[in-house]
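Asks: Got a structure here, written out as structure tokens. Questions coming.
The values are calculated or read from the model by the stated rules, or taken from the named source; none is laboratory data. If you're wondering where the values come from, they're calculated on a predicted model, not measured in any experiment. No Cβ is skipped: glycine too gets one built from the backbone with ideal geometry, and neighbour counts run over all protein chains shown. To get the accessible areas, we keep the full protein, side chains included, count just its heavy atoms, and leave off ligands, DNA and RNA. Shrake-Rupley method; radii C 1.70, N 1.55, O 1.52, S 1.80 Å.
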Amino acid sequence: MKVNGLRWIILSLIMLVSIINYLDRGTLNYMWVANTKSEYPADRAVYDAANGTYVLTAEDGTTVVAPADRVAQQADGSYVYTAVGGIAAELGILDPAMPEAEFKAQSKKLLADITIFFMIAYGLSQLFSGKLYDRIGTRRGFAFSALLWGAADAFTAFAAGFKSLTAFRFMLGLGEAGPWPGTTKSNAEWFPTKERALAQGLFNASTSVGSILAPIVISFLYLAFGWKATFAVVGSLAVLWIIPWLWVNKKGPKEHPWITDKERNYILSGQPEGHKTEPCRCKSWGELLRERKNYALIVGRFFIDPVWWIFVTFIPIYLIEVFNLDIREVAMSAWVPYVGAAIGAFAGGWFSGLLQKRGRSLNFARKCSMIVGVCIALPGVVGATMASSATFAVVMMALILGGYQFVQSNLMTLAADFHYGRTVGSLAGLGGAAAVLGTILAMIVVPMITRAGWAPFFIFGGLLFPVSLLAVFLFGGRIQNIDEEKQQ
């Protein structure tokens, strides 16, 4: 049989697994601290001054002794008790009875510590996944990655403490990084040059969709079934995805039995590498690191990727600490920034493609798009530092992440812009490893700069945008294939 638009079906499957990818990585962040609120009438709350606690009595007669700093009196005289829950409390990693200020500081530090181990594994995987995908191809590469991270997330249901939880997140990181160099490579195989930024943008948008769904899906599963079942259910999705992926993605566009001749010719004729008569040699890491242009991607991602990761990791805690939201309220708020991210990812790829269709050079299209993305993000940074409500804060964060994805949709395509064939995945992997290194450093910084407030968090993220853009202009020169540039 023949299938029209097969390249878009391949991309759709990659987008689906990226959504699952973000559900899996969001499990810990949204269940780490999962507070719940309970309201008590004024006549059912008795303050014990000697112990600094409230004795709260529910309508069914059940009593709770609550620390005074977790009970707030409302305007109508009633009391609201915010009970600490989530994985950190249930596994005994954090003691809910400790003073609130200390609990907040420790929750951020320990979550950052676990995330650093995840990022170390993620960085190693980025580095070697590019080479792995270049060697075994995207079909088997994606299947391997999904199996590894899906199993790791599902098995996290057996975690018994900080060490085992960290170990399972390390395994998750080893599997989850693969789709990033893998998608860059797949898009280079399945799309002509003028559509690659759009394809990358759609992929990035799908990660945002995963982030939109994560607080809603994970919070629902947690409240209904608990954290163990949530890990098991969400983790199994990646494993199940492998079945349609292997069935549909039989071969590349040159040999796939389902592709039409028209689509095959359209793809290959629009790829500069498609006109080469000799196969492209895969360059070594040493060769890539000796080429100045490649640092536009490597250094650019070192600075800008931490923006995404610190928001993905700390948005739930920010909303809990600053606006005292419980897990239901977090679920209803935390998805908003990722709507902006999804729009920015699609728009960034579309805008770059539009400029090229109107006759502008690849160099102009990529750089102009990145500048526009930075200009979108920076007003959001300013607004977020002054946010007085959760609603305004998440709208400002939507601008920040929208601008981020506008930039990333173009920055990540530089691997395919600079190189052909098997080298694309290798450079994408180096860029991903640099991004992880930057993120690990950011994870160390964030708990320290947020001790006195969250404004430094947003300022720190905002500064990373222009620095990343500067790296692209400083190292990238004219955006075009490196080998062709040397021949000119």
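Asks: Would you mind getting the accessible area per residue of the chain, heavy atoms of the protein chains only, 1.4 Å probe, in Å²?
Replies: Details: 19130 Å² over 488 residues.
Solvent-accessible surface per residue comes out at 39 Å².
Asks: Something else about it: Which whole-angstrom value gives the distance between the alpha carbon centres of the range 300-375 and the range 155-211?
Replies: Taking the Cα centre of the range 155-211 as reference, the centre of the range 300-375 is 16 Å away.
Asks: At 222 nm, what value in deg cm²/dmol follows for the chain if DSSP H runs of at least 4 each add -39500 (n - 2.57) and the sum is divided by all its residues, to the nearest 500?
Replies: Computed ellipticity for the chain at 222 nm equals -24500 deg cm²/dmol.
Asks: Zone of residue 68 (label point 7 Å along Cα→Cβ, backbone N under 18 Å): which residues in the range 435-462?
Replies: Output list for this probe position: empty.
Asks: Tell me, what % of the accessible area of the chain is carbon and sulfur with a 1.4 angstrom probe?
Replies: That share works out to 64 percent.
Asks: Still on this structure, I have one more. Under a cut-off of 19 Å between alpha-carbon atoms, report the lysines in cross-link reach of residue 357, not counting same-chain residues fewer than 8 places apart.
Replies: Reachable lysines: 194, 367.
Asks: Same structure, new question: Using the Kyte-Doolittle scale, which helices in the chain average at least 0.5 and also have C-alpha atoms spread 20 Å or more along the helix axis, with helices defined as whole DSSP H runs? Mind dumping the intermediate values first?
Replies: Values: long enough: 6-31 (38 Å, 1.06); 100-155 (50 Å, 0.33); 162-176 (21 Å, 0.62); 193-225 (46 Å, 0.94); 227-248 (33 Å, 1.56); 294-323 (42 Å, 1.45); 336-357 (32 Å, 0.88); 362-385 (35 Å, 1.35); 390-411 (31 Å, 1.33); 423-449 (39 Å, 1.94); 455-476 (32 Å, 2.14).
Answer set is 6-31, 162-176, 193-225, 227-248, 294-323, 336-357, 362-385, 390-411, 423-449, 455-476.
Asks: Hey, got the dipole for the range 131-207? About the Cα centre, +1 on K and R Cβ, -1 on D and E Cβ, debye to the nearest 20?
Replies: Charge dipole, the range 131-207, about its Cα centre: 180 debye, nearest 20.
Asks: Right, something else. State which entries of 131/486; 131/293; 2/250; 108/131; 2/254; 37/104 exceed 23 angstrom in Cα-Cα distance in the structure shown.
Replies: Over 23 Å Cα-Cα: 131/486; 108/131.
Asks: Could you pull out every one of the aspartates and glutamates with an alpha carbon less than 18 Å from that of residue 228, ignoring same-chain neighbours closer than 8 positions?
Replies: Answer for residue 228, where 18 Å is the Cα cut-off: 24, 90, 153, listed by chain and number.
Asks: Which percent, to the nearest 5, of DSSP beta bridges fully inside the chain are antiparallel?
Replies: 95 percent
Asks: Still on this model: Let me have the relative contact order for the chain, percent, based on Cα pairs under 8 Å that are six or more residues apart.
Replies: So the answer I get is 23 percent.
Asks: Could you tell me the ratio Rg/Rh of the range 4-148? Both radii from Cα atoms, Rh via Kirkwood.
Replies: On the Cα set of the range 4-148, Rg over Rh gives 1.22.
Asks: Using unit Cβ charges (K, R positive; D, E negative) and no other charged atoms, how large, in debye to the nearest 20, is the dipole of the range 170-250 about its Cα centre?
Replies: Once rounded to the nearest 20, the dipole reads 80 debye.
Asks: So who's got an amide H within less than 5 Å of the one on residue 54, skipping anything under 5 residues away but keeping other chains? H placed 1.01 Å off N, in plane.
Replies: Result for residue 54 returns 48, 66, 68.
Asks: Looking at the P(r) of the chain, how many percent of alpha-carbon pairs lie beyond 37 Å?
Replies: In whole percent, the long-distance tail amounts to 29.
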